[in-house]
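Read the structure below first, then the notes.
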Amino acid sequence: MRYRDCFAHLASRQTDQFVVTSAGNSGQIWWDVTRDHERVFYLDASMSLSTMFASGIAMGHPERQVWAFMGDGAFCMNPGMLMVERQMNLPNLVHFLVSNRRYGATSNAALPNQAANDYAAIARGMGLARVFEFASLEALESGLDAALDGADGHTFVVLEVEPLSDAEQKLPQPPMDGPELKYLFGRHVERSTGVKIFDHAL
């Protein structure tokens, strides 16, 4: 399925979930689809740590679901994150692995062993029970409800998408730096949950 179509459908299903995107294409396409500057933390230069960052948010707000996006290029840098995710087993954390078989942030360089890499099998091998795979928009539309029902523990979702086109590669990144994101996202969390994060209220 097309990367943008996949994200457009996910965005249409977002209600009160917090979102964390990884460096590269996931932040780029989420911004293009949503222009959301409050409910999402665009974790630039995250180097495979977007789900660890999201885990802290999920632990602090167990009543709120957190969606964490990561490309398979980032995943291949640190698959051991799944051991931590399985041990934590946070029922409100959904790890979306966006698999385009490319290093999307580096001009679509091909991943090693790309045709054979089975990310769902890796997750199951780490002990994760709630593992889902969607390779078409139709499958995503029909199966997303089951994937988002995380009452039984942590959820791992593989989204098989096409690499971005040359034109899509030129889409802008979210126009915010780290300190600005910290306050935009943090103030939204304060307003929507009533939990105090910053010392000084606006």
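Name, by its number, the condition in (1) assigned to a helix (DSSP H, G or I); (2) more than 20 Å from Ser46 (Cα to Cα) that does not hold for Gln114.
(1)
Looking only at the stretch 61-88, which residues are under 16 Å from Val157 (Cα atoms), in contact (Cβ under 8 Å) with a residue 60 or more places away in the chain and part of a helix (DSSP H, G or I)?
Within the stretch 61-88, Leu82, Glu85, Arg86 meet the criteria.
Can you name the condition, by its number, that Ala121 falls short on among (1) farther than 26 Å from Ser12 by Cβ; (2) in contact with a strand residue (DSSP E or B) (Cβ under 7 Å, 6 or more places away or on another chain); (3) in a helix (DSSP H, G or I)?
All conditions are met except number (2).
Considering only residues that are out of contact with any strand residue (DSSP E or B) (no Cβ under 8 Å at 6 or more places or on another chain), over 20 Å from Gly104 (Cβ atoms), part of a loop (DSSP other than H, G, I, E, B) and touching a residue at least 40 places away in the same chain (Cβ under 8 Å), which ones fall in the stretch 1-60?
Asp16, His37, Glu38
Please find, among Ser46, Ser55, Ser26, the residue that is modelled with pLDDT of 95 or more and surrounded by 18 or more Cβ atoms within 10 Å (Cβ to Cβ).
Just one listed residue meets the conditions, Ser55.
Answer with yes or no whether Gly143 is part of a loop (DSSP other than H, G, I, E, B) and surrounded by fewer than 19 Cβ atoms within 10 Å (Cβ to Cβ).
no
Does any residue of the stretch 99-112 turn out to be in contact (Cβ under 8 Å) with a residue 40 or more places away in the chain and in contact with a His (Cβ under 6 Å, 6 or more places away or on another chain)?
Among the residues of the stretch 99-112, not one is in contact (Cβ under 8 Å) with a residue 40 or more places away in the chain and in contact with a His (Cβ under 6 Å, 6 or more places away or on another chain), which makes the answer no.
Tell me which residues, restricted to the stretch 146-174, are under 17 Å from Trp31 (Cα atoms), touching a residue at least 24 places away in the same chain (Cβ under 8 Å), surrounded by fewer than 16 Cβ atoms within 10 Å (Cβ to Cβ) and over 18 Å from the mean Cα position of the chain (by Cα).
Hits for the stretch 146-174 are Gln169, Leu171, Pro172.
Conditions tested, residue by residue: (1) touching a Lys or Arg at 6+ places or on another chain (Cβ under 9 Å); (2) over 17 Å from Met1 (Cα atoms); (3) polar (S, T, N, Q).
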{"site": "Thr106", "(1), (2), (3)": "no, yes, yes"}
{"site": "Ala116", "(1), (2), (3)": "no, yes, no"}
{"site": "Glu133", "(1), (2), (3)": "no, no, no"}
{"site": "Leu140", "(1), (2), (3)": "no, no, no"}
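Against the condition at negative phi, among the hydrophobic types (A, V, I, L, M, F, W, C) and buried (at least 21 other Cβ atoms within 10 Å of the Cβ), how does Val33 come out, does it pass?
no
Can you confirm whether the stretch 79-100 contains a residue that is touching a Pro at 6+ places or on another chain (Cβ under 8 Å), within 13 Å of Ser26 (Cα to Cα) and surrounded by fewer than 24 Cβ atoms within 10 Å (Cβ to Cβ)?
Yes, some residue in the stretch 79-100 is touching a Pro at 6+ places or on another chain (Cβ under 8 Å), within 13 Å of Ser26 (Cα to Cα) and surrounded by fewer than 24 Cβ atoms within 10 Å (Cβ to Cβ).
The values are calculated or read from the model by the stated rules, or taken from the named source; none is laboratory data. Everything quoted here is computed from the prediction, not taken from an experiment. All Cβ positions, glycine included, derive from the backbone under ideal geometry; neighbour counts span all protein chains shown.
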